[in-house]
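Novice: Just passing along the structure, written as structure tokens.
The values are calculated or read from the model by the stated rules, or taken from the named source; none is laboratory data. Note that the coordinates shown come from a computational prediction; the quantities given were computed from them, not determined experimentally. Every residue, glycine among them, receives a Cβ derived from its backbone with ideal geometry; neighbour counts consider all protein chains shown.
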Amino acid sequence: MDDNTNQNLRSSDWFARKGKMGFIYRAWMKNQGIPDYEFNGKPVIGICNTWSELTPCNAHFRELAESVKKGVLEAGGFPVEFPVMSLGETLMKPTAMLYRNLASMDVEESIRANPLDGVVLLCGCDKTTPSLVMGACSVNIPTIVVSGGPMLTGRHNGKSIGTSDIWRYHDDLRGNKLKEDELLTIESAMCRSRGHCAVMGTASSMACMVESLGISLPGNAAIPAADARRKVLAQLSGLRIVEMVRQNVRLTDILTRDALENAIKVNAAIGGSTNFVIHLLAIAGRIGVPLELKDFDTLSANIPLIVNLQPSGKYFMEDLFYAGGLQPVMKELDAILHTGCLTVNGKTVRENYRNAQIFEADVIAPMNKPFREEGGLVVLKGNICEDGAVMKPSAASSHLMQHTGKAIVFEDIEDYKNRVDDDDLDVDEDSILVLKNVGPKGYPGMPEVGNMGLPKKLLEKGITDMVRISDGRMSGTGFGTVILHVSPEAALGGNFSVIQTGDLITLDVANRSLNGALSDEELQQRKKQFVPLPPATERGYVSMYVNHVQQAHLGTDLDFLRGSSGSVVLKDSH
Ligand code: FES
């Protein structure tokens with residue numbers, strides 16, 4: 001950090017130029033009716049907007065951008081809003097995750113190529129947060145994140161409902177306990193306001209991540225999208241980013257190893273999404289902080305669940321807001337956090353939560369009286385996941401934490417769909433469902449299908465959970481004894497690819513192990529028969545993605561995107 005006077009603003013290289021190019025840079029800004037004193041010599045702040053009507057969670061972002069602009073103007077900066085690729089979780093096929101890295105490239109190049117001194121990232125729906133943060137990390141100019149905020153809690157038949165209930169309704173429908181027409185009514189009751197999913201799913205986990213990392217203002221995570229205070233936070237962020245430019249506070253000043261450790265601990269205590277692992281690994285790779293999959297286990301160990309939100313608990317983000325938001329949760333973790341980490345408002349983590357209070361003890365519990373002893377994420381290793389796999393004990397069934405069962409293997413998602421409800425499927429509640437070829441390269445894009453629905457005949461018997469293993473992901477809203485992100489994935493021809501129906505598999509969460517009862521010799525023999533999948537496509541982005549995507553234990557970034565290229569434009573033909 002150092003003082004960044006208006007003379008050495010990055011944007012001066014455009015707007016303060018003399019001659020032809022200075023003329024061009026300024027003249028085309030003036031065609032918007034802006035006088036040159038508005039942008040020349042003032043901190044130019046980009047508002048990186050993921051607004052899109054195809055991303056319903058972010059559909060209110062133009063309004064939010066207006067609030068950011070007010071703050072920027074108030075502080076003497078000049079705001080410029082620009083669009084980037086928006087990733088709508090619900091509508092994009094085959095999965096929004098396929099495009100996270102593509103969107104991050106868009107963000108990185110848009111920031112670097114333009115006359116920006118600082119940037120405000122408007123994020124909401126799941127992948128919009130990591131893609132924007134990843135892209136910004138690879139440029140590293142002053143940056144602040146404003147999340148769009150969660151939806152208001154859904155309400156149906158006198159009961160609070162949220163996205164996690166979709167899985168239950170789906171099972172009820174398949175078990176003939178619910179009719180299609182009632183589902184239509186529930187749809188309207190669940191998504192009743194602007195904002196992202198209202199449970200502690202991936203979007204909320206990402207909003208908590210940026211607050212715990214210190215790259216958003218305190219309070220960012222939980223203010224509902226529909227609450228007027230969301231706009232106030234956006235305006236204050238606009239005000240603050242101008243000061244950050246003047247003080248030259250960049251992402252590398254905030255995203256240290258200690259800050260990343262704080263985020264991992266907070267994610268454990270809130271029962272955050274398993275997708276957090278993949279996204280934080282990718283962010284660490286961009287900012288250049290060493291972080292490994294095993295760190296998530298080591299740092300989460302012994303951190304209990306102190307936030308009672310679905311899918312691990314009972315309540316919703318709106319309730320977390322009324323209970324005090326994320327700051328009192330962080331205060332509860334004071335003894336284990338790196339309290340001196342800098343945050344975007346110039347204060348330390350501890351200074352931010354010093355006066356935070358818990359207002360609803362049923363939503364945020366003290367550390368010595370948690371809702372569950374085991375929060376966090378567990379990293380498993382074994383002969384079917386040599387580079388690791390992930391599970392979320394707070395969303396799993398305690399009776400399955402130590403379990404041996406016979407594998408029922410589905411070779412891909414189509415195989416699963418075709419056979420799962422087959423009356424002849426030889427499955428019982430002790431079986432372990434295994435789904436292959438839903439990994440980064442194999443699918444491609446690593447979709448959220450890991451919490452595969454149980455066979456209909458078991459649902460009808462009242463079975464609600466089974467051990468399920470896959471190389472895919474699970475929606476942050478999902479739950480169950482679900483082992484995800486198996487690495488190396490099946491498409492690479494490792495041990496996981498040769499697990500067969502009937503193999504005995506043992507899950508031992510206490511010892512962090514997941515093993516098939518197979519000798520090394522047997523595995524080697526089987527691997528000789530491995531037949532690689534044909535390429536999904538030979539052209540375009542998907543082909544590039546498949547050729548360069550890294551495995552889940554590394555964060556599934558494209559190999560050539562790791563690291564930063566900084567903010568300097570390599571060649572200036574002007
Ligand atoms: Fe956008 Fe859940 S679908 S956050």
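Novice: Tell me the residue from 105, 134 that is away from the ligand (no atom under 16 Å from the Cβ), in a helix (DSSP H, G or I) and within 15 Å of the chain's Cα centre (by Cα), please. If you could, list the steps in order and put the result at the bottom.
Specialist: Details: 105 fails: within 15 Å of the chain's Cα centre (by Cα).
Sole residue among the options that is away from the ligand (no atom under 16 Å from the Cβ), in a helix (DSSP H, G or I) and within 15 Å of the chain's Cα centre (by Cα): 134.
Novice: Residues in the range 314-336 that are surrounded by fewer than 23 Cβ atoms within 10 Å (Cβ to Cβ) and assigned to a loop (DSSP other than H, G, I, E, B): how many?
Specialist: Residues that pass the stated criteria total 6.
Novice: Select from the range 528-546 the residues that are surrounded by 12 or more Cβ atoms within 10 Å (Cβ to Cβ) and either in contact with a Leu (Cβ under 8 Å, 6 or more places away or on another chain) or within 18 Å of residue 502 (Cβ to Cβ) (or both) and list them in ascending order.
Specialist: Those that are surrounded by 12 or more Cβ atoms within 10 Å (Cβ to Cβ) and either in contact with a Leu (Cβ under 8 Å, 6 or more places away or on another chain) or within 18 Å of residue 502 (Cβ to Cβ) (or both): 541, 542, 544, 545.
Novice: Turning to a different aspect of this structure: In the range 402-410, is there at least one residue being more than 16 Å from the ligand (Cβ to nearest atom) and on the phi > 0 side of the Ramachandran plot?
Specialist: Filtering the range 402-410 for residues more than 16 Å from the ligand (Cβ to nearest atom) gives 402-410.
Those still in the list that are on the phi > 0 side of the Ramachandran plot too: none.
Within the range 402-410 (the criterion being more than 16 Å from the ligand (Cβ to nearest atom) and on the phi > 0 side of the Ramachandran plot), the answer is no, since none of the residues qualifies.
Novice: Oh, and also: Suppose we filter the range 423-446 for residues that are in contact (Cβ under 8 Å) with a residue 12 or more places away in the chain, over 22 Å from residue 558 (Cα atoms) and in a loop (DSSP other than H, G, I, E, B); how many remain?
Specialist: Step one: filter the range 423-446 for residues in contact (Cβ under 8 Å) with a residue 12 or more places away in the chain, giving 423, 425-446.
Right, trim to over 22 Å from residue 558 (Cα atoms) and you get 423, 425-435.
Filter once more, keeping what is in a loop (DSSP other than H, G, I, E, B): 423, 425-431.
Within the range 423-446, residues that are in contact (Cβ under 8 Å) with a residue 12 or more places away in the chain, over 22 Å from residue 558 (Cα atoms) and in a loop (DSSP other than H, G, I, E, B) number 8.
Novice: Can you name the residue in the range 19-71 that is out of contact with any Cys (no Cβ under 8 Å at 6 or more places or on another chain) and among the polar types (S, T, N, Q) and is also farthest from the ligand (Cβ to nearest atom) among such residues? Talk me through it step by step, then tell me what you get.
Specialist: Quick first cut of the range 19-71, residues out of contact with any Cys (no Cβ under 8 Å at 6 or more places or on another chain) only: 19-49, 51-54, 59-71.
From what is left, the residues that are among the polar types (S, T, N, Q) are 31-32, 40, 49, 52, 67.
Working: 31: 36, 32: 32, 40: 39, 49: 16, 52: 11, 67: 21 Å.
The selected residue is 40.
Novice: Follow-up question, since we're still on this one. Go through the range 374-422 and count every residue that is of a type in the set (D, E, K, R), within 27 Å of the chain's Cα centre (by Cα) and in a strand (DSSP E or B).
Specialist: Residues meeting the conditions: 3.
Conditions (1) assigned to a helix (DSSP H, G or I); (2) free of Cβ contacts under 8 Å to residues at least 60 places away in the same chain; (3) more than 16 Å from the ligand (Cβ to nearest atom), marked per residue:
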| site | (1), (2), (3) |
| --- | --- |
| 204 | yes, no, no |
| 210 | yes, no, no |
| 219 | no, no, yes |
| 229 | yes, yes, yes |
| 262 | yes, no, yes |
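Novice: Separate question: Residue by residue through the range 174-191, note down the ones that are crowded, with 16+ Cβ neighbours inside 10 Å and either more than 24 Å from residue 325 (Cβ to Cβ) or in contact with a Leu (Cβ under 7 Å, 6 or more places away or on another chain) (or both). Steps first, answer last, please.
Specialist: Within the range 174-191, the first condition is being crowded, with 16+ Cβ neighbours inside 10 Å, and the residues that meet it are 174-175, 178, 186, 190-191.
The answer is 174, 175, 178, 186.
Novice: If only one of 223, 215 is under 25 Å from residue 118 (Cα atoms), away from the ligand (no atom under 16 Å from the Cβ) and of a type in the set (A, V, I, L, M), which one is it?
Specialist: It is 215.
Novice: Scan the range 283-292 and tell me whether some residue there is part of a loop (DSSP other than H, G, I, E, B), modelled with pLDDT under 95 and more than 18 Å from residue 203 (Cβ to Cβ). Full working, then the answer.
Specialist: Keep residues of the range 283-292 that are part of a loop (DSSP other than H, G, I, E, B), which gives 288-292.
Narrowing the set further to residues that are modelled with pLDDT under 95 leaves none.
Within the range 283-292, not a single residue is part of a loop (DSSP other than H, G, I, E, B), modelled with pLDDT under 95 and more than 18 Å from residue 203 (Cβ to Cβ).
Novice: Can you tell me which condition residue 453 does not meet? The list is (1) surrounded by fewer than 23 Cβ atoms within 10 Å (Cβ to Cβ); (2) outside any loop (DSSP other than H, G, I, E, B), and all the others hold.
Specialist: For residue 453, the exception is condition (2).
Novice: In the range 71-95, how many residues are assigned to a helix (DSSP H, G or I) and surrounded by fewer than 23 Cβ atoms within 10 Å (Cβ to Cβ)?
Specialist: Taking the range 71-95 as the starting set, the residues that turn out to be assigned to a helix (DSSP H, G or I) are 71-74.
Imposing the further condition that a residue be surrounded by fewer than 23 Cβ atoms within 10 Å (Cβ to Cβ) reduces the set to 73-74.
Going through the range 71-95 one residue at a time, the tally reaches 2.
Novice: Hey, any hits in the range 457-475 for a residue that's modelled with pLDDT of 95 or more and within 16 Å of the ligand (Cβ to nearest atom)?
Specialist: Checked the range 457-475: at least one residue is modelled with pLDDT of 95 or more and within 16 Å of the ligand (Cβ to nearest atom).
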